[in-house]
Amino acid sequence: MNLQRIYTSLLTADLAAAEIWYTKLLGRKPDYRPMDTLVQWELFDQGGLMLSDSDEIAGKGVMFLYIGDLAAERRRLLDLGIALGEDIPGDYSTLAQLHDPDGNLITLATPPAEPFPAARS
């Protein structure tokens, strides 16, 4: 497989409302609207986020985002009316979770404090 790009694709009941909510979460408007049922953010060179109100494109899902400063992000989101759950200490990162208006789970995490162990064959 010569993977070029990857997208998290989440299903939403109301695309317009989800676009507003994710614009707040991500701090900017989407980059593309390839069709009436889809909005898309390019988050980095090899991937991004797609929201759709078509279950042929997306399904309920989970998105995991590494962020630099969890406390600063918590304050920013709270100022926008988005409540982030309590800190969850982990073995490698501190996590905090929230659900979007459609119930998709979003986990924000600090970058790993040390490398993950290698996968075993």
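For segment 18-30, take each phi angle, set θ = phi - 60°, evaluate the Karplus expression 6.51 cos²θ - 1.76 cosθ + 1.60, and give the result in whole Hz per residue in order, putting x for glycine and proline.
With the stated coefficients, segment 18-30 comes to 5, 4, 5, 5, 6, 4, 5, 4, 8, x, 6, 6, x Hz.
Long-range amide H contacts for ASP53: which residues qualify at under 5 Å (H placed 1.01 Å from N, peptide plane, sequence gap of 5 or more or a different chain)?
THR12
With the chain treated as a Gaussian network of Cα nodes joined by springs under 10 Å, which of GLY59, GLY103, GLY90 yields the largest mean-square fluctuation?
Looking only at GLY59, GLY103, GLY90, the biggest GNM fluctuation is shown by GLY90.
In whole Hz, with x marking every Gly and Pro, tabulate ³J(HN,Hα) for segment 50-63 from phi via Karplus 6.51 cos²θ - 1.76 cosθ + 1.60, θ = phi - 60°.
My calculation for segment 50-63 gives 10, 10, 9, 9, 10, 6, 7, 9, 9, x, 3, x, 10, 10 Hz in order.
Show log10 I(q)/I(0) for the chain at q = 0.10, 0.12 Å⁻¹, two decimals, from a solvent-free Debye sum over equal Cα scatterers.
So the normalised log intensities are -0.34, -0.49.
We did not get these values from a lab; they are worked out from the coordinates using the rules stated. Please read these numbers as outputs of a predicted model, since none were measured by experiment.
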